[in-house]
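To keep things clear, I will list the structure first and then write my remarks on it.
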Amino acid sequence: MKIKKPILTAVAVCLAAALVVLTFLSRTIMTANQAEVMYARPEKKDILTSRDLTGVVEYEDTYELCYDIALHITEVYVSPGDSVSANKALMEIDARELALELRKKELAVLQARRDNTGDELGQLRLEIAEGELALFREKYPADGKIRAGFAGTVYGVNAAPGDMTAPGAVLVSISGRKSAANAVFYLPEDDAAFFAPGDSAILYYTETYDFEGVAQAVSLAKNSNISAKQFVPKDSIYKFYVPVQSEYLLHGQQIQLKITNKSPVYEVVVPFEALHRETDERYFVYVLKKRDGLFGDEFHPEAVNVSVMYENGVGAAVNSINLSRYDSVVVWASGYLVPGEAVRVLN
């Protein structure tokens, strides 16, 4: 019996379709358990290490006004940010008791002078009385005025009219007018290892100007660099200094900064996440290799031993005779990789 040609054609089409479906299903089943991977090409470049930090402005020369007795504040003439000249009156106090004590010491000097007959005992009494008078004048504001010790900028005022201050309390703080200033910040040992004097820094802060009686704030970004690095043994941390050039920043004010270290150029740099550690000193990376598979080209990882020349947790400069900038280095895998087993490449 002859089979009609249309029927043969239909059967052939069905068989072909079934073959395609079975092939697809076979390939899907075979690759279902394969790990998925993404790769990157090694590069020739330097490695940048940056940190965004908050520092504190510190002036080298500062002066704090405090007294070892309680004081009653009656007037305050300055605020933080004010420029003051040497000996300028900053506050006034109720100085009646101090003035009375001063008069007593002046009287003691006069009596010692009157009683001094030129002998050794009389001369010694006079020297003691004069010394006590000079020390009292130097130590206490007997005239009722608390004055600046030197020219500079007020960065702290800790009393208001009517206050009774405790002995030893800091009343006014001043930074020297010509004093050098630094933005100071701290880093733990592991982080501090990446940065050294000479590394670049950018300072971010705001300066406020008076434009025709209206205060306007201007945001600035100023280039600087790390000038010094000092280990603090008791805290096991490092203190860094970045010079600041601004008459508008006060001692103790917080300031934002970004520091950056730039390494030498390395021939082969891979992402840090591509590294796998065998021991403390031995590392390897997985490199994708291509081969013929049942359904065409397929990829599988091979472990390549590398030595790490420099790394910062983001990039790693490595050296290996079996790795070049043309290789595909695995930087992410969905599961455990076994050298030689096929994987599915996502990029």
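The values are calculated or read from the model by the stated rules, or taken from the named source; none is laboratory data. This structure is a prediction, so every number in the text was calculated from the model and none was measured. Heads up, the Cβs are rebuilt from the backbone with ideal geometry, glycines too, and the neighbour counts pull from every protein chain shown.
Filter the stretch 292-347 down to residues that are touching a residue at least 40 places away in the same chain (Cβ under 8 Å), of a type in the set (Val, Ile, Thr) and surrounded by 14 or more Cβ atoms within 10 Å (Cβ to Cβ), then give me how many there are. Residues that pass the stated criteria total 6. Applying the selection to the stretch 284-319, what residues are among the charged types (D, E, K, R) and in contact with a helix residue (DSSP H, G or I) (Cβ under 8 Å, 6 or more places away or on another chain)? GLU311, the sole residue that qualifies.
PHE195 passes every criterion in (1) at pLDDT below 95; (2) within 14 Å of the chain's Cα centre (by Cα); (3) assigned to a loop (DSSP other than H, G, I, E, B) apart from (1). Given the criteria within 27 Å of ASP46 (Cβ to Cβ), part of a loop (DSSP other than H, G, I, E, B), of a type outside the set (Ser, Thr, Tyr) and out of contact with any Lys or Arg (no Cβ under 8 Å at 6 or more places or on another chain), does ASP327 qualify? It is false that ASP327 is within 27 Å of ASP46 (Cβ to Cβ), part of a loop (DSSP other than H, G, I, E, B), of a type outside the set (Ser, Thr, Tyr) and out of contact with any Lys or Arg (no Cβ under 8 Å at 6 or more places or on another chain).
Residues are listed down the side, and each one gets a yes or a no for (1) exposed (fewer than 11 other Cβ atoms within 10 Å of the Cβ); (2) of a type outside the set (A, V, I, L, M, F, W, C); (3) on the phi < 0 side of the Ramachandran plot; (4) in contact (Cβ under 8 Å) with a residue 40 or more places away in the chain:
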site: MET91; (1), (2), (3), (4): no, no, yes, yes
site: ASP94; (1), (2), (3), (4): no, yes, yes, yes
site: VAL109; (1), (2), (3), (4): no, no, yes, no
site: ARG113; (1), (2), (3), (4): no, yes, yes, no
site: THR117; (1), (2), (3), (4): yes, yes, yes, no
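A residue that is farther than 16 Å from ASN319 by Cβ and aliphatic (A, V, I, L, M) can be found somewhere in the stretch 283-297.
Every condition in (1) surrounded by 15 or more Cβ atoms within 10 Å (Cβ to Cβ); (2) in the same structural domain as THR208 (by TED's automatic domain parsing); (3) aliphatic (A, V, I, L, M); (4) touching a Lys or Arg at 6+ places or on another chain (Cβ under 8 Å) is met by ILE237 except one, and the failing one is (4). For the stretch 282-291, taking the residues that are part of a strand (DSSP E or B) and of a type in the set (Lys, Arg), the one that is surrounded by the most Cβ atoms within 10 Å (Cβ to Cβ) is identified as LYS289. Residues in the stretch 285-318 that are in contact with a Pro (Cβ under 9 Å, 6 or more places away or on another chain) and not hydrophobic (A, V, I, L, M, F, W, C): TYR286, LYS289, HIS300, PRO301, GLU302, TYR310, GLY315. The number of residues in the stretch 267-281 that are out of contact with any Gly (no Cβ under 9 Å at 6 or more places or on another chain) and not in a loop (DSSP other than H, G, I, E, B) comes to 6. From the list SER236, SER219, SER246, the lone residue that is over 24 Å from SER179 (Cβ atoms), more than 17 Å from the chain's Cα centre (by Cα) and not aliphatic (A, V, I, L, M) is SER219.
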